[in-house]
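To keep things clear, I will list the structure first and then write my remarks on it.
The values are calculated or read from the model by the stated rules, or taken from the named source; none is laboratory data. Only a predicted model underlies this, so the values are computations on that prediction, with no experimental measurement involved. Cβ sites come from the backbone with ideal geometry, for glycine too, and all protein chains shown count toward neighbours.
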């Protein structure tokens with residue numbers, strides 16, 4: 001299964017690299033007013049990907065951190081379990 005996962009990510013990396021190579025051309029963005037920006041298409045796509053990914057990732061990390069704190073608090077508040085003594089007090093059966 002790890003082999004298939006590795007092949008998938010290698011294919012994705014090759015496709016992204018090919019896309020970046022074929023589209024490495026400057027694009028003029030007309031911002032507000034008379035402001036214009038020249039940017040390469042792959043850089044623009046990476047920028048927008050990060051704008052969408054980073055807040056979601058931060059939200060996920062804060063939830064994981066919160067859940068771990070809850071679990072640790074519950075484990076600390078849980079009373080220690082006392083193991084029952086072995087059945088050594090009973091008389092042997094003949």
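Of all residues in segment 72-82, those satisfying the criterion of being modelled with pLDDT of 65 or more and either part of a loop (DSSP other than H, G, I, E, B) or surrounded by fewer than 10 Cβ atoms within 10 Å (Cβ to Cβ) (or both) are 74, 75, 76, 77, 78, 79, 80, 81.
Taking the criterion of being loosely packed, with under 10 Cβ neighbours inside 10 Å, closer than 20 Å to residue 46 by Cα and either modelled with pLDDT under 90 or in contact with a strand residue (DSSP E or B) (Cβ under 8 Å, 6 or more places away or on another chain) (or both), the residues of segment 1-33 that qualify are 25, 28, 30, 31. Exactly one residue out of 43, 51 is exposed (fewer than 10 other Cβ atoms within 10 Å of the Cβ), modelled with pLDDT of 90 or more and either under 23 Å from residue 17 (Cβ atoms) or over 25 Å from the mean Cα position of the chain (by Cα) (or both), and it is 51.
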